[in-house]
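Enquirer: This structure is in structure tokens; I'll ask about it shortly.
Rule-based calculations on the coordinates, nothing more; no lab input. Here the structure is a predicted model, which is why all the values come from computation and not from measurement. Note that we place each Cβ from the backbone using ideal geometry, even for glycine, and neighbour counts take in every protein chain shown.
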Amino acid sequence: MFRNFKVVNRMVFGRGSFNQLDDILAPKRNNNSPAMVFVVDDVFKGKPLEGLIPLHENDLLVWVNVSHEPKTVYVDQLTDQVRQTMTDRGFKHPAGVIGIGGGSTMDLAKAISLMLTNPGSSSEYQGWDLIKTPAVYHAAVPTLSGTGAEVSRTTVLTGPIKKLGINSDYTVFDQVVLDPELIAGAPRDQRFYTGMDCYIHCVESLTGTYLNAFSQAYGEKAMEMCREVFLQAPPDSDDKLMMASFFGGMSIAYSQVGVCHALCYGLSFVLGIHHGIGNCIVFDQIEEYYPEGVAEFRKMMEKQKISLPRGVTAQITDAQMEKMVDVSLVLEPLWENALGKEWRKKMTRERIKELYRKM
Ligand code: NAD
Ligand code: ZN
């Protein structure tokens with residue numbers, strides 16, 4: 001069976017395109033539901049971007065904090081807040097939910113838009129195609145590039161027992177606004193870590209057993225742009241990085257990620273290490289699986305003058321180690337993509353522990 005996957009309905013790309021957001025949203029506002037909810041990374045509080053958010057009467061601005069990656073309890077709390085405010089203002093639902101920020105904020109916006117129309121806790125929907133009712137209209141404005149969250153059909157959440165996305169066609173954004181000017185102010189190291197998420201998506205997709213011409217087309221172009229950005233740094237690097245993120249996301253949409261992501265999920269779940277930096281920490285230790293990719297990654301690190309934390313697993317307990325292995329082993333398609341159908345013979349619990357101990 002070939003995946004018949006959903007893609008983002010509408011996209012705008014260009015420097016300054018954020019200024020078009022008000023016009024883009026106008027037709028989505030209606031009498032039943034005129035209010036937009038802007039879910040915005042609180043790093044922009046008091047920054048120029050705040051003044052550019054096209055807020056109308058009845059709109060709600062929700063500042064979100066992403067010091068921790070999105071948790072299901074946080075999604076539930078934010079959804080209640082939005083629902084209550086809308087009820088108080090006499091509306092059933094908002095006209096739309098707009099996420100402005102990096103992967104974490106975009107994922108929060110996706111999750112809120114889904115949970116406004118689906119009952120219960122977001123933790124009940126971690127998995128594949130468990131969402132039954134379409135979300136309210138939702139749009140993304142990335143301020144960091146690399147995760148591909150702007151194009152993917154998932155919102156990655158940490159729940160009480162697992163770190164797993166709400167994967168569904170309804171998760172995909174209805175609209176994306178790609179304005180390279182918005183990523184210009186990101187801290188250099190964060191820009192690198194998130195950018196490497198894209199580079200690693202490409203390496204894992206292009207070397208995986210699930211590879212096909214579709215994924216290859218997007219993956220090769222995204223990888224080429226990552227190389228330009230992190231090894232040559234041309235003047236239009238932000239434009240290129242933004243498109244690389246998008247293409248990298250398209251590449252894995254029709255293939256899969258691999259060893260690095262599988263191990264990174266365990267690391268994030270147990271130690272709370274963020275996705276971008278976590279991938280970098282893992283990738284640096286798995287040259288056995290991706291020799292060329294890791295060599296080039298190290299060149300990029302050197303060129304960008306990035307150093308990584310060491311010994312992050314040095315102090316963990318046996319129970320934490322077991323949990324990391326559990327979380328990572330659940331991700332069967334990732335292992336199969338990387339190592340083939342017989343992956344269990346190659347990737348034992350002991351081998352995973354050995355790799356984690358090196359980090
Ligand atoms: P992030 O959203 O977690 O943000 C990282 C840091 O950068 C935060 O402190 C944030 O406040 C700050 N920041 C963001 N934009 C900024 C800007 N322009 N200027 C200054 N600071 C800025 O980082 P990320 O790497 O984009 O996202 C990681 C998250 O994305 C993880 O939660 C991960 O699970 C998720 N993810 C989702 C998908 C998906 O398909 N849905 C894919 C990969 C990763
Ligand atoms: Zn990733």
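Enquirer: For the chain, I need the span (max minus min coordinate) of the C-alpha atoms along each principal axis, in Å, sorted largest to smallest.
Expert: The principal-axis extents, from largest down, are 59, 46, 43 Å.
Enquirer: For region 188-357, what Kirkwood radius comes out of the mean inverse Cα-Cα distance, in Å?
Expert: On the way: mean 1/r = 0.0621 Å⁻¹.
Final number for the Kirkwood radius of region 188-357 is 16.1 Å.
Enquirer: Pull out the extension gain between E224 and Q190, defined as 0.36 nm times the separation in residues minus the alpha carbon to alpha carbon distance; nm, one decimal.
Expert: Details: separation 34, 0.36 × 34 = 12.24 nm, distance 2.04 nm.
Taking E224 through Q190 to full extension adds about 10.2 nm, to one decimal.
Enquirer: Still on this model: Could you give the length gained by full extension between T317 and N9, i.e. 0.36 nm per residue of separation minus their alpha carbon distance, to one decimal place? Kindly include the intermediate steps, with their values, before the conclusion.
Expert: Values: separation 308, 0.36 × 308 = 110.88 nm, distance 4.62 nm.
My answer for the length gained is 106.3 nm.
Enquirer: Which whole-number percentage describes the relative contact order of region 188-357, with Cα contacts under 8 Å and a sequence gap of 6 or more?
Expert: Working: 226 pairs, mean separation 49.3, N = 170.
Rounded, it is 29 percent for region 188-357.
Enquirer: Among I273, I112, I161, which one shows the highest mean-square fluctuation when the chain is modelled as a Gaussian network with alpha-carbon springs under 10 Å?
Expert: Greatest mean-square fluctuation among the candidates belongs to I161.
Enquirer: Another question, if that's okay. I'd like the distance separating the alpha-carbon centroids of region 1-65 and region 186-257, in whole Å.
Expert: 25
Enquirer: Please give the FRET efficiency for D326 paired with Q77, using the beta carbon to beta carbon distance and R0 = 35 Å, rounded to the nearest 0.05. Mind showing how you got there, number by number?
Expert: Details: r = 27 Å, r/R0 = 0.77.
Plugging the Cβ-Cβ distance into 1/(1 + (r/R0)^6) gives 0.85.
Enquirer: A follow-up question, please. Give me the one-decimal nm value for the distance between modelled label points at W128 and N32, 7 Å along each residue's Cα-to-Cβ direction.
Expert: Spacing of the two 7 Å Cα→Cβ label points: 3.3 nm.
Enquirer: Next question, about the same structure. Using Cα-Cα distances under 8 Å and only pairs 6 or more residues apart, what relative contact order does the chain have, in percent? Please list the in-between numbers first.
Expert: Details: 679 pairs, mean separation 54.7, N = 359.
About 15 percent, as a whole number.
Enquirer: Let me ask something additional. Take the Cα coordinates of region 284-359, assign each an equal point scatterer, and use the Debye formula without solvent to give log10 I(q)/I(0) at q = 0.18 Å⁻¹.
Expert: -0.88
Enquirer: Can I ask one more? Would you kindly state how much longer the chain becomes between S307 and L52 on full extension, computed as 0.36 nm times their sequence separation minus their alpha carbon distance, in nm to one decimal?
Expert: Numbers: separation 255, 0.36 × 255 = 91.80 nm, distance 3.49 nm.
Contour length minus the Cα-Cα distance gives 88.3 nm.
Enquirer: Same structure, new question: Given the Cα atoms of region 10-183, and with Rh set as the inverse mean 1/r over their pairs in the Kirkwood sense, what is Rg to Rh to two decimals?
Expert: Values: Rg = 14.8 Å, Rh = 15.8 Å.
Using Cα coordinates only, the ratio equals 0.93.
Enquirer: So for the chain: antiparallel DSSP bridges make up what percent, rounded to the nearest 5?
Expert: Working: 3 of 27 bridges.
Rounded to the nearest five, the antiparallel share is 10 percent.
Enquirer: In terms of the Cα gyration tensor, with a ≥ b ≥ c the square roots of its eigenvalues, is region 84-182 rounded because a/c is under 1.5, prolate because a/b exceeds b/c, or oblate? Walk me through the numbers before you get to the answer.
Expert: Details: a/c = 1.83, a/b = 1.12, b/c = 1.64.
Verdict is oblate for region 84-182.
Enquirer: First check a/c for region 227-306, with a ≥ b ≥ c the square roots of the eigenvalues of its C-alpha gyration tensor; if it is under 1.5, answer rounded, and if not, answer prolate when a/b is larger than b/c or oblate otherwise. Before the final figure, lay out each step's value.
Expert: Numbers: a/c = 1.67, a/b = 1.34, b/c = 1.25.
Prolate is the answer for region 227-306, as a/c is 1.5 or above and a/b outweighs b/c.
Enquirer: Related question: Using the Karplus equation 6.51 cos²θ - 1.76 cosθ + 1.60 (θ = phi - 60°), what ³J(HN,Hα) coupling, rounded to whole Hz, does each residue of region 226-243 give in order, writing x for Gly and Pro?
Expert: 4, 4, 4, 4, 9, 10, 10, 6, x, x, 9, 4, 5, 4, 5, 5, 5, 6
Enquirer: Scan the chain and hand back the longest stretch that contains none of the GluC sites (Glu not before Pro) lying in DSSP loops with at most 15 other Cβ atoms within 10 Å. Write out the running numbers ahead of the final one.
Expert: Details: sites that count: E57, E287, E288, E342.
In short, 58-286.
Enquirer: Looking only at M106, M300, M11, which one moves most when the chain is put into a Gaussian network model with springs between Cα atoms under 10 Å?
Expert: Checking each option, the largest mean-square fluctuation is seen for M11.
Enquirer: Next question, about the same structure. Pull out a ≥ b ≥ c, the square roots of the eigenvalues of the alpha-carbon gyration tensor of region 314-354, then state rounded if a/c is under 1.5, prolate if not and a/b is larger than b/c, and oblate in the remaining case. Working shown, then result.
Expert: Values: a/c = 3.15, a/b = 2.15, b/c = 1.46.
Prolate is the answer for region 314-354, as a/c is 1.5 or above and a/b outweighs b/c.
Enquirer: May I pose another question? Cα axis of helix 259-271 to longest principal axis of the chain: angle in degrees, 0 to 90, nearest 10?
Expert: Relative to the chain, helix 259-271 is tipped by roughly 70 degrees.
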